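Here's the structure, in structure tokens; my notes come after.
FYI, it's all coordinate maths here, none of it is from the lab. Computed from a prediction, not measured in an experiment: that's the story for all the values here. Reconstructed Cβ throughout: ideal geometry from the backbone, glycine too, with neighbour counts over all protein chains shown.
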Amino acid sequence: MTFAFDLLLAVALLWSGWRTLTTPRLDRAIVLFIAFGLLMALAWARLSAPDIGLAEAAIGAGLTGALLLDAYGVLQRRRARP
Amino acid sequence: MKRMVVIAVAAVFAMVLGGAMLDLPLGAIDLRIPVAANLGESGVSHPVTAVLLNYRGYDTLLEIAVLLLALLAILAVLGETRAATPRAAHPVLQTLVRLATPLMIVVAVYLLWAGAFRPGGAFQAGAVLAAAAVLLHLVGLSPGWNTPRLKLRMGLAAGFAVFLAVAAALLPQGALLRYPPEAAGALILLIESALTLSLALILAGLFLLLSRDEEAP
């Protein structure tokens, strides 16, 4: 059961990482990046490093995600206003 | 052609990396035993916090210095500007954030306190506090930050300043950041509290200082 979960987690990590890099749409890439960060936090927790997991979830997924979304918003507004 | 070369180079690099990983002698430096042996003198009972704040306190001191430097660089580039006026979000979102903010503050204090004996600590607590500030701004409940005045500047520098003051006060002992075992717990808690406050302000500042009106120069 745990092996199945770990396998699923590893596949999901690789898949979301690959999709983040290859998707042509910026907004989708950012959302995928946040999902990747949360999966990464889970992976750290499974590797019995909950400290890193907490930091990854809070800083890697949360704050970085918010900053990226903000930057995307600014880019969109710049594009709309020639 | 170019793509093939890139793929080939990447594959070779991956193989070299894998080979280097396999070449590593297993447990050449096993620090778990000395860490566990000296845990009693470190002032905390969680090994990760002991390493971060006691055995390798120097690294953490430099980390907070780097974060402060990053924020100072942003301030230097921004110059004197005015913050954006927030746009109120949907009332449901606002209510949700109003409910979540006190919880997030409690979680941050808990994480700070729990760092002494289980996973947690200043960085996680600071990040949760910063996230609360960012959420409040995003739903329009709190404005972005203007160029920081004295109070905010003191808050931003507090973590680094307190850490540096403790390090300087302990210098006569002969080594940087070697806490006396009986005072280690209290000193670590003091440093972590200041670090939490500063980290929260710095991380929130990365977001809130950059939130400007588009029309503003």
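All Cα-Cα distances of the protein assembly as shown, cut into 10 Å bins from zero to the largest, leave 6, 20, 29, 25, 15, 5, 0 percent in each bin in turn. Between the residues B:Ala157, B:Ala175, B:Phe207, the greatest Cα displacement towards the positive end of the dipole of the protein assembly as shown, with unit charges on the Cβ of Lys, Arg, Asp and Glu, is found for B:Phe207.
Evaluating 6.51 cos²θ - 1.76 cosθ + 1.60 at θ = phi - 60° for every residue in the stretch B:57-66, the Karplus couplings come out as x, 4, 4, 5, 4, 5, 4, 5, 5, 5 Hz, glycine and proline recorded as x.
Evaluate the relative contact order of chain B (contact order divided by residue number), counting alpha-carbon pairs under 8 angstrom at least 6 apart; express in whole percent.
Values: 249 pairs, mean separation 62.1, N = 217.
Relative contact order, chain B: 29 percent.
Here the spin labels are modelled as points 7 Å beyond Cα on the Cα-Cβ line, and at B:Lys151 and B:Leu24 they lie 4.8 nm apart. Once C-alpha pairs closer than 8 Å and six or more residues apart are averaged by separation and normalised to the residue number of the stretch A:2-80, the relative contact order reads 27 percent.
Helix screen, chain A: DSSP H segments with Cα axial length of 15 Å or more and mean Kyte-Doolittle hydropathy at least 1.6 are A:26-46. Normalising the Debye intensity of the stretch B:11-92 to I(0), with uniform scatterers on Cα atoms only, and taking log10 at q = 0.12, 0.24, 0.26 Å⁻¹ returns -0.77, -1.07, -1.12. Dividing the summed helix terms, -39500 (n - 2.57) for each DSSP H run of n ≥ 4, by the number of residues in chain B produces a 222 nm estimate of -22000 deg cm²/dmol to the nearest 500. Given labels modelled 7 Å from the Cα in the Cβ direction, how far is it in nm from B:Ala73 to A:Arg79? Each label point lies 7 Å from its Cα, and together they span 2.7 nm. Across B:Leu129, B:Leu72, B:Leu22, mean-square fluctuation computed from a Gaussian network of chain B (C-alpha pairs under 10 Å connected) peaks at B:Leu22.
On the basis of the beta-carbon distance and an R0 of 35 Å, A:Ser48 and B:Glu182 show a calculated FRET efficiency of 0.65. The Stokes-Einstein estimate for the stretch B:2-208, based on a Kirkwood radius over Cα pairs and taken at 4 °C with 1.567 mPa s viscosity, is a diffusion coefficient of 65 µm²/s. Distance between the modelled labels on A:Arg25 and A:Phe3, one decimal in nanometres: 3.9 nm (7 Å Cα→Cβ projection). Springs join every pair of Cα atoms under 10 Å in this Gaussian network model of chain B, and among B:Thr101, B:Thr196, B:Thr49 the largest mean-square fluctuation is at B:Thr101. Each residue of the stretch B:33-72 gets 62 Å³ once the volume of the Cα convex hull is shared out per residue. Averaged over the residues of A:63-75, the number of partner chain Cβ atoms lying within 10 Å of the residue Cβ comes to 3.
Per-residue shielding of B:119-130, expressed as the average number of other chain Cβ atoms within 10 Å of the residue Cβ, stands at 4.
The trypsin sites (Lys or Arg not before Pro) found in the stretch B:139-195 that occupy coil by DSSP, while having at most 11 further C-beta atoms within 10 Å, are B:Arg149.
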